[in-house]
Amino acid sequence: CKQITQQMIQDWVLHKAKVSPVTANREIRYLRSLFNHGIKKDLITVNPTKGIDFLPTEKRLKYIPPAEDIDLVIAMADKDTQDYLWAIRETMARVNEINRLSWDDVDLHNRFVVLYTRKKKGGHLTPRKVPTTEKLQSILLHRHDERDLSLPWVFWHKERRQPFQNRNKLMGRLCPKAEVKPFGFHALRHAGASIMDMNNVPIG
């Protein structure tokens, strides 16, 4: 790490900028954090990313799909995937939070689920309680009755018998089938937040 110079970092950032300025800026953030960690642990004394500025990016409005389009996309999926998409939609969860959701995190009696995220400072898994809607409660009750007792997860890969790592291609298949403007999992989170905002619910 001590042999890495600012010029090497700058060259790497410019190389990643060929993909996009957003990608390049992400690399700067990751590397800056990595070297700061090295300094904190007394492994190195200098952060070679110091003085390297973020590249200018063009801010765009996030696309928020209308509820009708979300309904059409979910309708194109098989039953198991419909449950998965409804869980994301009804909790406004990040995909990784739903992927790691286990039955230990589900309280059917008190009607809530516990979701874990690493988005907080420090990267530690942080829990938060999310109340279940009528729709989600119905899905969870059905899945609980039909669950495989040998597996702890609510949603899992049927062939590999393990939780999903990602499902990057799923929405890319479903949106064209539904003939709607393409959107990803995170758009479901934004759509839910938009509905809450329109109903004067504090986003925090």
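The values are calculated or read from the model by the stated rules, or taken from the named source; none is laboratory data. These numbers come from a predicted model, not from an experiment. Positions of Cβ are generated from backbone atoms using ideal geometry, with glycine treated the same way; all protein chains shown enter the neighbour counts. Remember, those area values only see protein heavy atoms, side chains included, never the ligands or the DNA or RNA. Shrake-Rupley method; radii C 1.70, N 1.55, O 1.52, S 1.80 Å.
Quick notes on this one:
- Ranking by accessible area, most exposed first, for 85, 61 with a 1.4 Å probe: 61, 85
- Among (i) 21.0, 67; (ii) 16.6, 47; (iii) 20.8, 59, the entry that matches Rg and Dmax of the Cα atoms in Å as calculated here: (iii)
- Computed over the chain, the per-residue total of -39500 (n - 2.57) for DSSP H runs of n ≥ 4 gives a 222 nm mean residue ellipticity of -14500 deg cm²/dmol, rounded to 500.
- Here, segment 1-107 is characterised by an Rg to Rh ratio of 1.18, where Rg is the alpha-carbon radius of gyration and Rh the Kirkwood radius.
- Choice from 21, 176, 152 with maximal GNM fluctuation in the chain (Cα, 10 Å cutoff): 21
- Selection of trypsin sites (Lys or Arg not before Pro), segment 13-46, meeting DSSP coil and at most 14 other Cβ within 10 Å: 18, 41
- Inter-centroid distance (Cα atoms) of segment 181-202 relative to segment 35-101, Å: 14
- Dimensions of segment 43-153 along the principal axes, based on C-alpha atoms and rounded to the nearest Å, stand at 57, 37, 23, largest first.
- Across the chain, the relative contact order, built from alpha-carbon pairs under 8 Å that are at least six residues apart, equals 20 percent.
- Mean-square fluctuations from a GNM of the chain, with a 10 angstrom spring cutoff on Cα atoms, peak among 148, 11, 104 at 11.
- Segment 93-204: Rg to Rh, with Rh as the Kirkwood radius over Cα pairs: 0.97
- Residue-normalised accessible area of segment 1-68, given per residue in Å² at a 1.4 Å probe: 80
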